[in-house]
Amino acid sequence: MPSVHLLDYVAGNIRSLVNAIEKTGYTVEWIRSPADIAKAEKLILPGVGHFGHCLTQFSNGGHLEPIRQHIASGKPFMGICVGLQALFEGSSESPDCAGLGFISGRLRRFDDRDKSVPHIGWNSATTLSSEIAGGEEGHEQCFFGLRSTSKYYYVHSYAAPYEAGVLEKQGWTVATASYGEEKFVGAIGKGNVFATQFHPEKSGVAGLRVIKAFLDGQMWSHIPASEALQAAIPTGLTRRVIACLDVRTNDAGDLVVTKGDQYDVREKDNTNTNSQGSVRNLGKPVDMAKLYYSQGADEIVFLNITSFRNCPLADLPMLEILRRTSETVFVPLTIGGGIRDTTDPQTNHLTSALEVASLYFASGADKVSIGSDAVLAAENYIINNHQPTGTSSIEQISRAYGNQAVVVSVDPRRIYVSSPSSTPHTTIATIHPGPHGEQFCWYQCTIHGGREGRDIDIHQLLTAVEALGAGEILLNCIDRDGSNSGFDLELVRHAKSACRIPVIASSGAGVPAHFVECFAETNADAALGAGMFHRREFTVGQVKRCLVEGGLLVRPVEE
Ligand code: 1PR
């Protein structure tokens with residue numbers, strides 16, 4: 001089998017890239033020392049996280065000069081995400097740190113006044129390919145397999161702004177994407193160099209095609225008529241549809257996908273209200289993740305919902321689930337449950353949240369989701385006069401892997417009040433009055449899967465975790481969980497007003513129209529469903545079709 005060399009500098013989910021490369025028929029050889037780079041015929045430089053951190057690591061490892069030489073020698077080179085950014089002169093993320101300087105220009109942060117930052121989700125990478133390659137009308141010329149009808153998975157806060165013609169004059173072919181009003185470089189190539197800002201290894205079939213085109217050395221190709229999508233897809237960021245799998249051991253000791261009603265995952269015994277039913281078993285985690293991937297899910301989330309009971313490192317089967325899922329599921333995978341500093345009660349050995357997260361990243365996770373520990377960290381931040389301590393799990397993990405790798409999963413519950421002045425918490429006026437006709441409520445944050453309410457509201461929590469370095473919010477809602485009554489739109493709007501990072505609406509989806517309603521009536525960045533998919537009532541594909549009918553942009557599923 002032909003091979004490609006990959007530089008591993010232990011930053012994030014390299015396993016998925018290896019899986020994607022293997023899927024295209026190549027094997028991976030590792031660059032372990034700078035001398036290995038000279039042996040590489042084809043070289044891929046992946047990168048996640050912080051520009052300065054990455055470049056410093058390359059530099060400290062003695063890799064920068066050999067990478068320059070590899071590129072200068074004319075051998076094939078591909079950069080991914082920060083691997084693309086490294087080719088530019090620099091970035092406002094680390095103004096004092098120089099890039100490789102192969103491409104003129106500097107990266108800058110997206111403007112977050114009109115949109116969420118990081119930019120997370122599926123967006124275009126469109127070239128002026130027909131003009132450049134002299135393509136015939138009706139036959140799209142694809143640059144390294146990129147298609148104008150495909151969407152690719154991006155996750156980044158900094159980008160190379162695109163100015164028409166500037167890079168092209170220097171001989172580069174550029175594929176662009178737009179986020180809000182900002183147009184930026186989505187992919188770029190010239191001669192032996194090709195780089196993508198998006199993650200092809202996380203971009204489903206469309207991304208695998210790009211990796212294969214690079215590895216096969218196929219800079220330009222035509223779309224076979226049999227594969228061409230009929231309708232043009234508008235450019236821009238799509239609405240993300242996420243499938244969530246709550247995982248726990250059932251009474252027989254097997255890890256199963258389950259689903260609660262307001263977080264109660266046991267079957268109801270209507271004849272005996274005192275008896276505890278068995279844990280609802282809705283299927284096997286890996287099989288269900290594959291099913292949702294094939295239906296077009298844009299991301300998969302696994303939540304290990306009873307991890308708080310055990311030492312998370314005892315949950316090795318969750319690692320195995322990730323490993324197996326990432327072999328065939330090429331969209332982002334998030335894992336939550338038990339991400340915190342943990343002391344083994346038997347040995348007294350302390351395992352840091354960062355070590356726990358690192359195990360998950362090494363097993364195929366792209367993001368970790370922190371629940372209970374994020375609430376405690378937010379409380380500490382507030383007690384500490386809004387000063388970070390630098391030690392929370394959010395800070396540890398975002399420092400090492402970047403904000404985009406840290407999701408905070410919150411489990412709020414409504415607390416009704418008669419007036420805003422009756423509580424120190426931030427309230428909203430609600431159109432769904434409380435049991436005594438209350439017109440106001442606040443959202444109390446909880447820990448341990450909703451078992452313990454804390455004296456902190458969702459507004460306080462979101463402000464704190466964003467300041468600590470969270471990159472995204474998974475916004476559950478205990479009141480709506482499993483209710484099939486639709487998302488709590490008031491909660492979603494309230495959460496969006498409290499932070500600039502993306503918010504995933506969760507809990508309550510019962511029919512596809514609930515997703516349309518959520519995107520039409522709030523600024524949610526993504527929406528998540530669980531029970532309606534697990535019970536086989538609806539597929540992810542049906543949700544997406546409904547979104548398209550509602551005039552919303554989604555990622556097309558390619559086979
Ligand atoms: O606190 O860091 O160990 O993380 C534990 C994680 O497990 C948290 O993210 C918490 O939300 C989750 N969790 C804990 N207990 C439960 C439970 O159900 N008993 N599940 C639980 C949370 C909510 C969503 C669900 C949506 C959509 N489940 O995962 O998928 O509500 O459901 P629906 O569409 O069917 O309404 P830590």
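Here, each number is a calculation from the coordinates, and none is a lab measurement. If you're wondering where the values come from, they're calculated on a predicted model, not measured in any experiment. Reconstructed Cβ throughout: ideal geometry from the backbone, glycine too, with neighbour counts over all protein chains shown.
Listed values, structure above:
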quantity	calculated
Computed log₁₀ I(q)/I(0) - Debye formula, equal Cα scatterers, no solvent, segment 1-123, q 0.11, 0.12, 0.17, 0.22 Å⁻¹	-0.40, -0.47, -0.90, -1.35
Efficiency of FRET from Cβ geometry, Glu537 and Ser352, R₀ 45 Å, rounded to 0.05	0.65
Space enclosed by the convex hull of the alpha-carbon atoms of segment 29-94, per residue, Å³	81 Å³
Nearest-ten-degree value, helix 458-468 long axis tilted from longest Cα axis of the chain	30 degrees
Projected label distance in nm at Asp287 and Asp251, using a 7 Å step from Cα toward the beta-carbon	2.2 nm
Sequence-distant residues sharing a close amide H with Gly236 (under 5 Å, placed H)	Ser124, Ser178
Degrees separating the helix 204-216 axis from the principal Cα axis of the chain, which is the longest one	20 degrees
Karplus (6.51, -1.76, 1.60) ³J(HN,Hα), θ = phi - 60°, over segment 448-454, in Hz, Gly and Pro reported as x	6, x, x, 6, 10, x, 10
Residue list for segment 446-460, given a label point 7 angstrom along the Cα-to-Cβ vector of Leu376 and an amide N cut-off under 16 Å	446-456
Calculated log₁₀ intensity ratio I(q)/I(0) where the Debye formula runs over C-alpha points of segment 319-406, q = 0.23 Å⁻¹	-1.12
Placed amide H near Ser409: partners under 5 Å, 5+ positions off or other chain	Ile370, Gly371, Leu474
Cα-based helix-to-principal-axis angle, 512-521 vs the chain, degrees rounded to 10	80 degrees
Length added when fully stretched, Ser3-Lys39, from 0.36 nm per residue minus Cα-Cα	11.8 nm
For segment 3-227, diffusion coefficient by Stokes-Einstein and Kirkwood Rh (Cα), 20 °C, 1.002 mPa s, µm²/s	122 µm²/s
DSSP bridge orientation in the chain - percent antiparallel, rounded to nearest 5	50 percent
Ranked list, fewest to most other Cβ atoms within 10 Å of each Cβ, for Val554, Val368	Val554, Val368
Translational D in µm²/s for the chain (Stokes-Einstein at 25 °C, 0.890 mPa s, Kirkwood Rh from C-alpha pairs)	101 µm²/s
Assigned charges on the beta-carbon of Lys, Arg, Asp, Glu; segment 3-227 dipole about Cα centre (debye)	360 debye
Trypsin sites (Lys or Arg not before Pro) restricted to segment 1-84 and DSSP loop, no more than 12 other C-beta within 10 Å	Arg32
Among beta bridges that DSSP assigns inside segment 3-227, antiparallel share in %, nearest 5	60 percent
